[in-house]
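Working notes for the structure below.
The values are calculated or read from the model by the stated rules, or taken from the named source; none is laboratory data. The shown structure was predicted, so the numbers you read here are calculated from the model rather than taken from an experiment. For neighbour counting, all protein chains shown are included, and Cβ atoms are generated from backbone atoms with ideal geometry for every residue, glycine included.
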């Protein structure tokens, strides 16, 4: 019987120092999990229309030269990674559109985690995710740890995790916690669920507010508290240090981000909703807002199946 290949941690690299900020975090997660560190860079073929007809070098030679430069770059980074960490390191250059090629790599290799930085900031919060990260989040079923570009070093360890739950996508989110907690020592997880107060809406049969029981919101708060308490008891068997907090107010993402600041979380763990064919058309709106507005790394745990 053949031995199954060890699972991997993927760090996509595009040749920038920004992307390389994910290296230390990815190597640390791979070491903790006993996984192989996969360093992958994408060679994107040049569009023929972009080449002037009188360009002195044939397109084939230009493509070969660009591909070789990408290979040399990645091998140099991999050599440094092998010298500094004990986990196995695999370096691969793939060809195609960046997002599609990386997704295909993840889908064809057993991956525990993808670790990558996001691009672009505008004002206080990022206006857009990097397009590659955005597309990957919509397609793959592997958890993705998104790091924000920072002039300081990225976190080597995570000691305070905020885990946002909605009572629906539970197991993928809880399983993802183990990707950050290492051996569980010195790690505290705060579970949270946000209860947005219900407001009367116009019914479909009459232009009048739909009736809600007078204690409707209070009951939902009690249900949320009971849910988190039961979950805390169940997770206690894993040896995790856990607390929970129910938040009440409008704007789920904003509530989660405020709590993350208040408890000085090292990272936020959140799930995504919705599968539509081969590619999810939209990230869950709450997860999307959390990723875009967070000041700390966000671990996004998608549904296990996107079919």
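Scanning segment 256-287 for residues that are surrounded by fewer than 21 Cβ atoms within 10 Å (Cβ to Cβ) and at pLDDT 90 or above yields a total of 7. Residues that are in a helix (DSSP H, G or I) and surrounded by fewer than 24 Cβ atoms within 10 Å (Cβ to Cβ) were ranked within segment 291-307; the one that is modelled with the lowest pLDDT is 292. Residue 248 meets the stated requirement of being more than 25 Å from the chain's Cα centre (by Cα) and in contact (Cβ under 8 Å) with a residue 40 or more places away in the chain. Going residue by residue through segment 101-117, is there one that turns out to be at pLDDT below 90 and surrounded by 21 or more Cβ atoms within 10 Å (Cβ to Cβ)? Yes, that holds for at least one residue.
Taken together, the criteria place residue 23 among residues that are in a helix (DSSP H, G or I), at pLDDT 85 or above and crowded, with 19+ Cβ neighbours inside 10 Å.
Checking the structure you have, find out if any residue of segment 162-171 is closer than 23 Å to residue 252 by Cα, at pLDDT 90 or above, in contact with a strand residue (DSSP E or B) (Cβ under 6 Å, 6 or more places away or on another chain) and in a loop (DSSP other than H, G, I, E, B). Checked segment 162-171: at least one residue is closer than 23 Å to residue 252 by Cα, at pLDDT 90 or above, in contact with a strand residue (DSSP E or B) (Cβ under 6 Å, 6 or more places away or on another chain) and in a loop (DSSP other than H, G, I, E, B).
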